[in-house]
Amino acid sequence: MEKFSVFRYCFFFAFFMFCFVTIAATQISSFSLNKFEANPSFDSNITLFGDAEIVNGGSSVNITRSTILSAGRLMHSLPVKLVEGNPRKGVSFSTYFSFSISPENGDGLAFVLLPSGFPSKFMDGTSFGLSPGLGTMGTRLLAVEFDTSMDAKFADPDGNHVGIDIDGLISAAVTNLSSLGLVLNGGEKLHTWIDYDASSKYLEVRLSKLGDIRPSNALISYPIDLAEMWKDEEVLVGISSSSGNSSQTTSVYSWNFRLRRVPSWMHSQPLDPRAYSEHSKPLTVRKKNECLVRILTGVIFGTACGALTTLIVMILLWAVFANRRPVAPVEYPVHPVELGYEKIKVIREKASTDDKK
């Protein structure tokens, strides 16, 4: 049984190492929020920075307050990797959120991908609250801006546009919304779909009024290789805003995000937000400790079931092989046997004399 004891210790060591590695490597794959907890803390997976606060009983988040130079950010604290495997392959993502912007001429809001070390606790009330971080971390940034101000230093075309910003706040691609009958700071609820397809290496943005289905044509389609841009670096996803020299407030009502690791049709959900709001269950912002407990419980339970099954099979196999005794060939005793024999005389007679004649 000594071999079995060694096997048992090795098995349980591998089991606990598996649990540790699984938890340590935890990354965000998807989340969906249409209800926010009343009192989130900064150690939860959904984290609020700056002036961001939950209002209306948890039905929405005001990212900025109705004061000048207000700035805030709604972030997911678990990181994302946009590349995986060897050889490295890009990872696609889709996100959807609904929002509103009050009529003042503030900066609007932006969906952002930031380095995991981005100093989120330090922000000013301009440039979507990103300027101090960009000065500290260099110019590492991907942002989709919903801009309600015309700032000449960022080459803004007007005060009602959507742009894609790469490594800075001057848009690499921009679209004016006035011709489409959409007003960002009209105070009404809007919703947007942002999709990145790693196979085609295109980022697409869609926008419409609340209640309308997802547009078939993208508002902006921009070629970019995010796997090459970020390589193996972990990034954080979030929504950031600033009021500038106004009392503009921005609010977020729902938000979901999903990574796509296999080839699939590229589109963010929901296609019809009305169905999403009718059938989805309220989800709350959970604390990080609670999520880790849930992850740990699930991993341990699943692995323990597998370990128990393996252990039972090994015990049965051990019992079968250990109880089998070698079968020796049957040996029959050999007794000496005496053989009798008789002496036989052979007589040869001489030929008769008559024969000679």
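The values are calculated or read from the model by the stated rules, or taken from the named source; none is laboratory data. From a predicted model like this one, the values you see are computed outputs, not experimental measurements. Positions of Cβ are backbone-derived with ideal geometry, glycine not excepted, and every protein chain shown enters the neighbour counts.
Consider segment 122-140 and keep the residues that are touching a helix residue (DSSP H, G or I) at 6+ places or on another chain (Cβ under 9 Å) and aliphatic (A, V, I, L, M). The one that is modelled with the lowest pLDDT is Leu134. Only one of the numbered conditions (1) in a loop (DSSP other than H, G, I, E, B); (2) over 24 Å from the mean Cα position of the chain (by Cα) is violated by Phe118, and that is (2).
Per the conditions (1) in a helix (DSSP H, G or I); (2) surrounded by 18 or more Cβ atoms within 10 Å (Cβ to Cβ), the sole criterion not satisfied by Val144 is (1). When Gly106 is tested against (1) over 19 Å from the mean Cα position of the chain (by Cα); (2) part of a loop (DSSP other than H, G, I, E, B); (3) surrounded by fewer than 24 Cβ atoms within 10 Å (Cβ to Cβ), exactly one condition is not met: (3).
Residues of segment 202-223 that are in contact (Cβ under 8 Å) with a residue 60 or more places away in the chain, under 21 Å from Glu145 (Cβ atoms) and either surrounded by fewer than 19 Cβ atoms within 10 Å (Cβ to Cβ) or outside the structural domain of Val183 (by TED's automatic domain parsing) (or both): Leu210 alone. Entry remark, segment 62-89: residues being closer than 24 Å to Pro119 by Cβ and among the charged types (D, E, K, R) number 3 in total.
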